[in-house]
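I have placed the structure first, in the form of structure tokens, so that the comments after it can refer back to it.
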Amino acid sequence: MEVDVGLRALVGTEGADGFYQARHVQHDACPTMIVPALSVLVHDLMAHDVQAAVDELMRTDWSRLYTLPGTGDAGPLVGVPSPNDEEPLRGHIATENAYDREWAYLFGGHRLHVYLGVLPERGPKRWRSWACWSVHELPTLPLDEVLSVQKAGYSAQWRAADFRMYMDAVRERMKEVTAQ
């Protein structure tokens, strides 16, 4: 049995009420890959039209989204549609389970909201608001700023996972102590 271990994410749109509609990105969905790809999609391929970019993103699930300047018929954006195309996901970002996804990139108005999937002390992984940029600033956004967001996100995930394991061990030890 082959195990799929790509960095998964959601891409889509978020309303002012926190409800979202999104598609999967199955592999390589870290901010340093996805944010530049979304910038190219909005500004270069869709002539600054956020809604047209969202419409393109919402047409299918994606195996990968990334940029390769000057290559391919579609220009610098390379989107590899997923063979496992499903219906778009819908939910409320504040209450929805992040499952096995690490990141969510949701357009809301003229902003790109980035969410991080983080394990709480107990229960399923939840979305935490992590970064937000104006869509207009994406083409000039320094890659080192995006990398800092990414590194801080992974650090937060590791700390949360370590804390969860620690608290599980404490609870287990407390059961042993009280059983004596």
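Residue 120 meets the conditions (1) touching a residue at least 60 places away in the same chain (Cβ under 8 Å); (2) open to solvent by less than 70 Å² (accessible area, probe 1.4 Å); (3) in contact with a helix residue (DSSP H, G or I) (Cβ under 8 Å, 6 or more places away or on another chain) in every case but one. The failed one is (1). Among the residues of the range 13-32, those identified as of a type in the set (A, V, I, L, M, F, W, C) and more than 11 Å from the chain's Cα centre (by Cα) are 16, 19. Scanning the range 78-135 for residues that are over 25 Å from residue 67 (Cβ atoms) and basic (Lys, Arg) turns up 90, 122, 125, 126, 128.
The rows are residues; the columns are (1) buried (at least 17 other Cβ atoms within 10 Å of the Cβ); (2) in a strand (DSSP E or B).
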| site | (1), (2) |
| --- | --- |
| 13 | yes, yes |
| 16 | no, no |
| 27 | yes, no |
| 36 | yes, no |
| 40 | yes, no |
| 44 | no, no |
| 51 | no, no |
| 55 | no, no |
| 66 | yes, yes |
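Checking each residue of the range 24-35 against the condition of being of a type in the set (Asp, Glu), more than 22 Å from residue 95 (Cβ to Cβ) and at pLDDT below 95 gives at least one match.
Looking across the range 75-117, the residues that are touching a helix residue (DSSP H, G or I) at 6+ places or on another chain (Cβ under 7 Å) and at pLDDT below 85 come down to 75, 76, 77.
In the range 150-169, the residue that is least open to solvent (accessible area, probe 1.4 Å) out of those that are closer than 14 Å to residue 35 by Cβ and not small (Gly, Ala, Ser) is 150.
Is it the case that the range 105-123 has a residue that's in contact with a Ser or Thr (Cβ under 7 Å, 6 or more places away or on another chain), within 24 Å of residue 36 (Cα to Cα), outside any strand (DSSP E or B) and of a type in the set (A, V, I, L, M)? No; the residues of the range 105-123 include none that is in contact with a Ser or Thr (Cβ under 7 Å, 6 or more places away or on another chain), within 24 Å of residue 36 (Cα to Cα), outside any strand (DSSP E or B) and of a type in the set (A, V, I, L, M).
Criterion first (over 25 Å from residue 59 (Cα atoms) and surrounded by 13 or more Cβ atoms within 10 Å (Cβ to Cβ)) does residue 147 satisfy it? Taking the combined requirement at face value, the residue satisfies it. Taken over the range 82-100, the residue count meeting the criterion of being open to solvent by 20 Å² or more (accessible area, probe 1.4 Å) and under 12 Å from the mean Cα position of the chain (by Cα) is 2.
The values are calculated or read from the model by the stated rules, or taken from the named source; none is laboratory data. The structure displayed is predicted, hence computed values, not measured ones. Don't worry about glycine lacking a Cβ; one is built from the backbone with ideal geometry, like all the others, and counts go over all protein chains shown. Accessible surface areas use protein heavy atoms only, side chains included; no ligands, DNA or RNA. Shrake-Rupley method; radii C 1.70, N 1.55, O 1.52, S 1.80 Å.
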